[in-house]
Structures are given as structure tokens and as C-alpha cells.
Amino acid sequence: MPDSARYLMHRPEILESLRRGEAALDRTMSGSGRLYPSGRFLVEADSPNDTIFRLRKGWVGRLRTLEDGRSQFILIFLPGDLFAVKSLFVTHSPDAVQALSEVLVEQVDHRTLREAYERDPDLAIRCMWQVIEEERRLHNWIVGLGRGSADERLAMLLVDFRGRLIRSGTLPPDALAYDLPMTQEQIGDHLGISNVHVNRVLRAFREDGIVTMRGRRVTIGDLDALVRIAGPLLDMAERDRPDFVGAREAGTGGDGKGGDDAGH
């Protein structure tokens, strides 16, 4: 699980509150961990939404499927993320939430968490932080879908996953390989392109020695090149941090000004 100090762009004055809020979540969700298999829907689309989850292990996706069967993965949740936080405020979820791998999740009823939220401002700040982080990711993704090429979108996706897995403690800081438990069709449903196009971009990356994806194992052969492709779509919180862009690119801050990753 990530320490709150590892969250992106937080105001320094709320750091201790984030840490206390994380500890309060630990207490509130203690003993609630459950394993679910890959493919299980944790939340059904357009269903009553009574539960908030925290992901301990595995990958989860928020998915919307249109009447004609077309699908879009809106967000991918990785270890440390809270999800379905909106259950505190709304009765139904328009989207499904699906396990993309075997997952270990903690869960709490919305009434229990709301009571804790109302009496503990630190826990409330931690919950709000997750909503803000989701908004940051969604803003990035909207720009990528609207203005990014297929190469840029896929590169940003692979860089983002690596950085978030490192920040969560799932991967060591210098990791250049990780398991990505999504099919090419699911990746395409997230990127907004066909699985044929996903395959074409992956083949080009492989031929250029940038990334190889065998089965569901991603191996980055040239992180600097991958970051340069993703660069236009990376937001300011990611461009100068080694866990996302590597030590060399972080040293330039993406703009030649330098960067740091110390406690923010």
C-alpha cells in the first residue's frame, strides 16, 4: 500500500491528515478483505451501489457498455485505490466494475463509511483525495482520447501503469517489466481503438525495441523512447518523477528545468 506521501501533487499541509486518514481506513475496513476471481463484476451497471472498496492486490476496471455491445474501460484501478467512493453520495452506479485479475479487496458499507467520514475529517480528506485523483486521471485520459495518436495513447498507458505500480509498492523502483492482466481487446476498449490497431502498435514498439508484450507480460526495452512517445500526454505530475519516466528523463523535468520526487 502506498504511503500518502507518495500521492501526486498533494499540498504539503495536508500530508499528515492524509496519513491519519489512511490509518483510519485501515481500522474501518479491518478484516473485510475478500478474494474475487478474474472477470467477477464487483458492481453491476445501473445497480444499487452500497459498497466502497479498497484494492489490496490485483487490477480492477470501471466499464461502460453501450446497448449495441460497444464497451469502454473508463478507469483502471491498481493496488491502493479506493473505488466506488461515489456510493457515499449516489444510490446507483451507471457503470460496471470488473476484476481484471484475481483481486483482494476490502469493502465497507456506505453507511458505515459515511458515519466515519462525518466524524473524522482526516478520513474524509482521504476519501476526497481519491475522487480528486480519479479526476486527474480522467482529465489526462480525455486529452489522450481527444488529441493523442494511438502510439501516444498506448505509450502513456504503459508508462502510467508502471509508475502507479511502483508508487503502490507493487514493483521495485527500477522495474522495467510487469504483468498487465488485460487482453488486447480490453486494452483497445480503454484506448478507444480496435484490438487490431493495438496489435499493430505493439508490433511496431517490439520491432523498434521499445516494448515487448508476450502473453500478458510487458517488458520495456527502451524506457526513454517510450516516455518520449508518451510525453505530450503526460501531465505535470508525472513528467519529472522517476517512477513514471525513469531517472534520465526525470533529471530534465521534461522541460530541461529538473525535477524532484521528495515528499512534495
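Which one of 67, 207, 185 has the biggest mean-square fluctuation once the chain is modelled by GNM with Cα springs under 10 Å?
67
May I ask you to compute the full-extension gain from residue 176 to residue 235, defined as 0.36 nm times their residue separation minus their alpha-carbon distance, rounded to one decimal in nm?
19.2 nm
Hey, can you grab everything whose amide H is under 5 Å from the amide H of residue 57? Only 5+ residues off in sequence or another chain; H modelled, so Pro and N-termini drop out.
Here 104 satisfy the definition.
For the stretch 4-140, what value does the Rg/Rh ratio take when both radii are computed over Cα atoms and Rh is the Kirkwood radius, given to two decimals? If you can, show how the numbers build up before the last one.
Details: Rg = 14.8 Å, Rh = 15.4 Å.
Over the Cα atoms of the stretch 4-140, Rg/Rh equals 0.96.
Classify the stretch 63-166 as rounded, prolate or oblate, taking a ≥ b ≥ c as the square roots of the eigenvalues of its Cα gyration tensor: rounded when a/c is under 1.5, otherwise prolate if a/b is larger than b/c and oblate if not.
In terms of gyration-tensor shape, prolate.
With +1 on each Lys and Arg Cβ and -1 on each Asp and Glu Cβ, and nothing else charged, work out how big the dipole of the chain is about its Cα centre, in Debye to the nearest 20.
In total the dipole reaches around 360 debye.
Using a Förster distance of 30 angstrom, determine the FRET efficiency expected from the C-beta separation of residue 248 and residue 19, and round it to 0.05.
0.45
Calculate the dipole size of the stretch 26-179 relative to its Cα centre from +1 charges on Lys and Arg beta carbons and -1 charges on Asp and Glu beta carbons; express the result in debye to the nearest 20.
The dipole magnitude comes to about 200 debye.
How would the chain be classified by its alpha-carbon gyration tensor: rounded, prolate or oblate, with rounded meaning a/c under 1.5 and the a/b versus b/c comparison settling the rest?
oblate
Based on the mean of other Cβ atoms within 10 Å per residue, sort peptides 84-97, 186-199 so the most packed one is first.
186-199, 84-97
Identify the residues of the stretch 8-35 with backbone N under 13 Å of a label point that sits 7 angstrom from the Cα of residue 132 along the Cα-to-Cβ direction, or state none.
Label zone hits: 8-19.
Let me make sure I get this right: for the stretch 89-244, a, b and c are the square roots of the gyration tensor eigenvalues over alpha carbons, sorted descending. Under 1.5 in a/c it's rounded, otherwise prolate if a/b > b/c, else oblate. Which is it?
Here the stretch 89-244 falls in the prolate category.
Tell me, what ³J(HN,Hα) does each residue in the stretch 178-185 have, in order and in whole Hz, if you take phi through Karplus 6.51 cos²θ - 1.76 cosθ + 1.60 with θ = phi - 60° and put x for Gly and Pro?
Values, residue by residue: 7, 7, 10, x, 10, 6, 4, 5 Hz.
Since every read-out is calculated from the coordinates, none of them should be taken as a lab result. Quick caveat, the model's predicted, so the values are computed rather than measured. Neighbour counts run over all protein chains shown; Cβ positions are idealised from the backbone, glycine included.
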